[in-house]
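In what follows, a single structure is set out as structure tokens and then discussed.
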Amino acid sequence: MKVLLINGSPNERGSTFTALRFVSEALEEEGVEAEIFQIPRAPVSGCRACFACRAKGNNRCVIDGDAVNIILEKMEGSDALVLGSPVYYAAPNGQLLAVLDRVFFSGGGTFAGKPAAAVCAARRGGATATLEVLQKYFTISGMPMAPSTYWPMIHGMGAEEVVRDEEGVQVMQMLGKNIAWLIKCIDAGKKAGVFQPDVPGGEKVSTNFIR
């Protein structure tokens with residue numbers, strides 16, 4: 001069993017990484033492999049809505065050469081996903097959002113049924129708004145969200161300070177344990193013949209307000 005954790009901060013060993021490290025350590029204590037993937041600092045193209053990925057149907061973005069298809073490949077071998085972001089102007093890091101728009105649009109069924117969680121690191125405010133944006137990727141992709149003892153946020157200005165947020169640290173640790181628990185429950189369910197429900201009618205319905 002494996003969980004992919006994505007560090008959406010340009011600071012490779014900063015507050016967000018520290019939060020993810022607490023989650024990953026809790027996962028490993030529960031016997032689950034954890035990998036923290038660092039998004040690159042190099043500019044990343046946003047989604048062009050070209051729909052070429054849908055035409056190919058291979059769960060890959062046609063804009064190649066950056067982190068997007070690497071993440072999709074890693075997710076195929078992972079049982080759960082954790083997104084981590086700093087708070088920038090009461091929102092996630094824009095670089096991370098550019099990556100995620102393409103990952104989830106082109107990823108198809110790569111994510112369905114896999115537990116997910118979002119965590120954020122904030123100096124002071126904007127944490128709940130940041131979490132709301134990140135969690136919407138999960139709800140549209142059929143991913144059950146793992147809980148904790150409080151909203152998954154940690155506070156401090158840099159790694160040295162966030163480790164002093166005792167409640168935040170505990171929230172991250174409990175989140176890791178709950179993700180491991182969900183993965184094991186889903187695996188046990190599959191072995192007992194309990195599977196994720198199919199979409200009613202067999203295909204996803206897509207409509208707009210014009211037709």
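Which pairs have Cβ atoms under 7 Å, sit 6 or more apart or on different chains, and link a residue in segment 186-198 that is closer than 16 Å to M143 by Cβ and at pLDDT 95 or above to one that is part of a helix (DSSP H, G or I) and not aromatic (F, W, Y)?
Short answer, once both residue conditions are applied: none.
Here are some residues: A80, A90. Which one is surrounded by 24 or more Cβ atoms within 10 Å (Cβ to Cβ), touching a residue at least 40 places away in the same chain (Cβ under 8 Å), under 24 Å from F22 (Cα atoms) and of a type outside the set (D, E)?
A80
Among the residues of segment 128-139, are any within 14 Å of the chain's Cα centre (by Cα), modelled with pLDDT of 95 or more, over 23 Å from A52 (Cβ atoms) and part of a strand (DSSP E or B)?
There is no residue in segment 128-139 that is within 14 Å of the chain's Cα centre (by Cα), modelled with pLDDT of 95 or more, over 23 Å from A52 (Cβ atoms) and part of a strand (DSSP E or B).
Filter the helices (runs of 4 or more DSSP H) completely within segment 1-111 down to those with at least 2 residues that are acidic (D, E) and more than 17 Å from the chain's Cα centre (by Cα).
Output list reads 15-29.
Looking at (1) surrounded by fewer than 17 Cβ atoms within 10 Å (Cβ to Cβ); (2) modelled with pLDDT under 95; (3) not polar (S, T, N, Q), can you tell me which one G107 breaks?
Result: G107 passes all but (1).
Within segment 152-211, which residues are closer than 17 Å to S24 by Cα, in contact with a Gly (Cβ under 8 Å, 6 or more places away or on another chain) and surrounded by fewer than 19 Cβ atoms within 10 Å (Cβ to Cβ)?
Residues satisfying the conditions are A159, V163.
Which residues, taken from segment 150-173, are assigned to a helix (DSSP H, G or I) and touching a residue at least 40 places away in the same chain (Cβ under 8 Å)?
Kept after step one, since they are assigned to a helix (DSSP H, G or I), are these residues of segment 150-173: 159-162, 166-173.
Of everything in segment 150-173, those that are assigned to a helix (DSSP H, G or I) and touching a residue at least 40 places away in the same chain (Cβ under 8 Å) turn out to be A159, E161, V162, G168, V169, M172, Q173.
Out of (1) over 20 Å from L134 (Cβ atoms); (2) in contact with a Ser or Thr (Cβ under 7 Å, 6 or more places away or on another chain); (3) free of Cβ contacts under 8 Å to residues at least 40 places away in the same chain, what's the single condition that is false for I36?
If we test I36 against (1) over 20 Å from L134 (Cβ atoms); (2) in contact with a Ser or Thr (Cβ under 7 Å, 6 or more places away or on another chain); (3) free of Cβ contacts under 8 Å to residues at least 40 places away in the same chain, just (1) comes out false.
The values are calculated or read from the model by the stated rules, or taken from the named source; none is laboratory data. Note that the structure is a prediction, hence the values are computed from the model and not measured. Don't worry about glycine lacking a Cβ; one is built from the backbone with ideal geometry, like all the others, and counts go over all protein chains shown.
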